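Single-structure report; data block below.
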Amino acid sequence: MIVFDLICSQEHTFESWFKDSSAFDKQRKRKLIECPVCGDTKVEKALMAPAVATGRKKDAAREKMVMAQAFKALSDMRKKVEDNCEYVGDKFADEALKIHHGETEKRDIYGEATEDDAERLEEEGVEFGRIPWLPRADN
C-alpha cells in the first residue's frame with residue numbers, strides 16, 4: 001500500500017491510499033477519486049515530503065482526513081439547504097415568526113439571523129437550527 005498527497009482542481013489537498021502507483025492512475029482515469037471537500041474528480045498527485053512513520057504523523061494524517069470529511073459533509077449540507085429551501089436573507093427571523101404564527105404559508109427557509117433574532121425566536125418557541133455556513137467550494 002502507498003499513500004499519496006492529492007490536490008483537486010479547486011486546490012483542496014487530501015491524502016488517499018492505493019495498492020500501488022498504477023492503481024492510482026487507473027482510478028484517476030475512471031474518475032473514481034473524489035475530493036472529500038468539494039467532490040471534484042479532477043485530481044492530481046501533490047508534491048510530497050518523504051514519509052517517516054511516527055505516531056504524531058499518523059495522528060496528524062487522521063485529523064486531516066476527519067477535517068476533510070467534515071468539510072465535505074458541511075458542503076453537502078449547504079447544497080441540500082440551497083436546493084430545497086427558500087433564501088430569505090436577513091429577514092429570516094421575521095419570516096420564521098410569520099410562518100410560526102400562521103401569517104404566511106409554511107415552507108422551508110434559510111437566511112441570516114443575529115443573536116438577538118435567535119433569542120427572540122427561541123422565546124417564541126420557533127424551531128430552527130444554526131448551521132456553520134462554509135464558503136462555496138467553487139469560489
Using the heavy atoms of the protein chains and a 1.4 angstrom probe, tell me the accessible area per residue for the chain in square angstrom. 73 Å²
Let's test the formula: R0 of 25 Å, r as the Cβ-Cβ distance of residue 87 and residue 124. What FRET efficiency results, to the nearest 0.05? 0.70
Using a 4.7 Å Cβ cut-off, which Cys residues in the chain lack a partner cysteine? 38, 85
What is the dipole size for region 1-115, taken about its Cα centre, with +1 at each Lys and Arg Cβ and -1 at each Asp and Glu Cβ, in debye to the nearest 20? 980 debye
When each of 72/106; 29/80; 42/72; 19/58; 80/106 is checked by Cα-Cα distance, pairs over 23 Å: 72/106; 29/80
Amide H proximity to residue 5 below 5 Å, modelled H, separation 5+ or other chain, gives 46
Sorted by chain and number, the residues with a modelled amide H under 5 Å from that of residue 43, at a separation of 5 or more or across chains, are none
Among (1) 10, 41, 36, 11, 1; (2) 10, 30, 23, 16, 14, 6, 0; (3) 10, 36, 32, 17, 5, 1, 0, which is the computed P(r) over Cα pairs in 10 Å bins from 0, in percent? (2)
Determine, from the Cβ-Cβ distance of residue 67 and residue 10 and an R0 of 22 Å, the FRET efficiency 1/(1 + (r/R0)^6), rounded to the nearest 0.05. 0.90
Among DSSP beta bridges whose residues both lie in the chain, state the antiparallel percentage, nearest 5. 75 percent
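The values are calculated or read from the model by the stated rules, or taken from the named source; none is laboratory data. None of these values were measured; they are calculated from a predicted model. Reconstructed Cβ throughout: ideal geometry from the backbone, glycine too, with neighbour counts over all protein chains shown. Each accessible area value is taken on the protein alone, full model and side chains, heavy atoms only, with ligands, DNA and RNA left out. Shrake-Rupley method; radii C 1.70, N 1.55, O 1.52, S 1.80 Å.
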